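Peer 1: Submitted below is the structure of interest, expressed as structure tokens.
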Amino acid sequence: MDKNTLYQKIKIKELPQIQNEVLDYFKTNPNVLDGLAGDFFVHVPLDSLPVTKNFLLPRAQLEINEVSVYFIPPSEKTKIHIDGLKKDNGKVPSDMLISHQYVLIIPIENSIDSMNYWYSNESVPDDKENIHYYERPQFPYKFFVSFVKDGFEPEPIGSTVMDQPAFIKSNIYHRVDNSNNKKTRKVLVIRFREREYYDTLNSVFNYKDLLK
């Protein structure tokens, strides 16, 4: 997967066990969902997911800085966004990139009836962009996210169904369309502490044998 590829699907033989342990985590800890509505992320300690941890750690070339489950309700679309910014606004901490480049998405439940879309950053004029600032207890503690303003719909440059685990490009605009799904979509999201730009995914994760 190079910097111009939108996604790279992989095969994980432990996928059924990973899916089960993620679902079991929420059965054991139902309170972590209290008060949450709409689409949202729930951070999950990696130590709570031993199968996932044993799969990830030997292959990760960079530190894993986020493990979370993303919930998208039925019949909804996420906002078109970048996992960061499309250009530096001068306020990004010095030890961070302006956006995540490679994110691993592992489908957990109800993902095959939704669609992932990508959009060119150049297709979104500055006046159609909303930049939001966030703070949270987990790394990165302070960060920006670029959203496309409601009512503006750029043309997609690619799409896929998340029918198996995949690395996605997240430093260009993207969204998930769950509007044709009658169930809540759940995926496990793995982010890495990227401190520089890489030409290929090889510098982030050892994945080549997972293509077979």
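Peer 1: Out of all the residues in the range 125-149, which are at pLDDT 95 or above and crowded, with 17+ Cβ neighbours inside 10 Å?
Peer 2: 129, 146, 147, 148
Peer 1: So residue 125 clears everything in (1) within 14 Å of the chain's Cα centre (by Cα); (2) free of Cβ contacts under 8 Å to residues at least 40 places away in the same chain except one condition, right? Which one?
Peer 2: (1)
Peer 1: If only one of 187, 176 is surrounded by 15 or more Cβ atoms within 10 Å (Cβ to Cβ), β-branched (Val, Ile, Thr) and under 14 Å from residue 77 (Cβ atoms), which one is it?
Peer 2: 176
Peer 1: What about residue 103, is it outside any helix (DSSP H, G or I) and of a type in the set (Val, Ile, Thr)?
Peer 2: yes
Peer 1: Kindly establish whether residue 122 is of a type in the set (D, E, K, R), modelled with pLDDT of 95 or more and not in a strand (DSSP E or B).
Peer 2: The answer is yes for residue 122.
The values are calculated or read from the model by the stated rules, or taken from the named source; none is laboratory data. Worth saying up front: this structure is predicted, and the values here are computed from it rather than measured. Cβ: placed from backbone, ideal geometry, glycine included. Neighbour counts: every protein chain shown.
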